[in-house]
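The next block holds one structure in the form of structure tokens; read it before the comments.
The values are calculated or read from the model by the stated rules, or taken from the named source; none is laboratory data. Computed from a predicted model, the values in this text were never measured in an experiment. Using ideal geometry, Cβ is built from the backbone for each residue, glycine included, and neighbour counts are taken over all protein chains shown. Please note that ligands, DNA and RNA were not included when accessible areas were found on the heavy atoms of the full protein model with its side chains. Shrake-Rupley method; radii C 1.70, N 1.55, O 1.52, S 1.80 Å.
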Amino acid sequence: MTTRPRWSVVIPAFNEADRLPAYLDEVVGYLEGRGAPWEVIVVDDGSTDGTADVALAAGRAHRHVRLLALGGNQGKGAAVRAGMLAATGECRLFADADGATPIGELKRLEAALAAGADIAIGSRALADPAVFVGARAHRVVAGRLFNWLVARSGLAGIADSQCGFKAFTAAAATDLFGRLATSGFGFDVELLLLAQASGYRLAEVAVNWADRPGSKVGVLRHGPGMLWEIWRARRRLRGGADRP
């Protein structure tokens, strides 16, 4: 009889052969130390480097690590969606492959779920003397501007929609990711808009976070496309022409 994992950790990865190994080791070591069943799913989003090999090697060393390979580069939203729907854990976290948020911060989100939240999202914007956020000044400014624009889209009460460290109950994950249509970097906003519209209890939790070199997303480079994705998501929620 197979024991259901307590936690599933989904790591979307596109050309992360350099940054993934250290974070994957950190994640596996942390979960093994908890003494509860777990699984890690690395979703390779059409990488052209050795990302898949890193995941396969980890799977040979730890049977609870597995690779989910997508056919070509489909976008971060598509990768996270595929991993979260393939997960089997009672609780499910997706975390960025760069390790900007230490996996130990899972305990903060877990406490929020235990207190009754359906979704707990890591935040770099909430003031908390117990956490440290290390970000370059231009990213702080760009992030604040982006979140201001996101708030104008109708996402209320969320200080940081884009932190790549979010946890869900199994029921919330299955429902929301089953309905998620945004495949690109703007998927977080659609996800949270769906959650609010559906009445899910959502908690935003301050987490430790440190900027990592080699980021795959930039506000100037990807911001306009993300805003377009968010606009389309709003149309879908309102029953407009972009309904999937």
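Taking region 17-103, which GluC sites (Glu not before Pro) meet the DSSP loop condition and have no more than 16 other C-beta atoms within 10 Å?
On the way: sites: E26, E32, E39, E90; in loops: E90.
Answer by residue number: E90.
Let me check something: with ligands and nucleic acids excluded, how do E229, E16 order by accessible area (1.4 Å probe), largest to smallest?
Values: E229 45, E16 15 Å².
The ranking, largest first, comes out as E229, E16.
Could you state how much accessible area D18 has, in square angstrom rounded to the nearest 10, with a 1.4 Å probe and all protein chains kept in place?
Here the residue's solvent-accessible area equals roughly 150 Å².
In region 1-85, what chymotrypsin sites (Phe, Trp or Tyr not before Pro) fall in a loop by DSSP, with at most 12 other Cβ atoms inside 10 Å?
On the way: sites: W7, F14, Y23, Y30, W38; in loops: F14.
Counting only loop positions with at most 12 other Cβ atoms within 10 Å, none of the chymotrypsin sites (Phe, Trp or Tyr not before Pro) in region 1-85 qualifies.
At 1.4 Å probe size, what's the solvent-accessible area of V205? Round to the nearest 10 Å².
30
Please arrange K107, K76, K166 by accessible surface area, largest first, computed with a 1.4 Å probe and ligands excluded. Write out the running numbers ahead of the final one.
Numbers: K107 110, K76 45, K166 0 Å².
The most accessible residue leads, giving K107, K76, K166.
Quote the FRET efficiency, to the nearest 0.05, computed for A156 versus R6 with a Förster distance R0 of 30 Å and r equal to the Cβ-Cβ distance. The partial results should precede the final answer.
Working: r = 32 Å, r/R0 = 1.05.
The calculated FRET efficiency here is 0.40.
Name the long-range amide H neighbours of A69: under 5 Å, sequence gap of 5 or more, or other chain; modelled H, no Pro or chain starts.
D44
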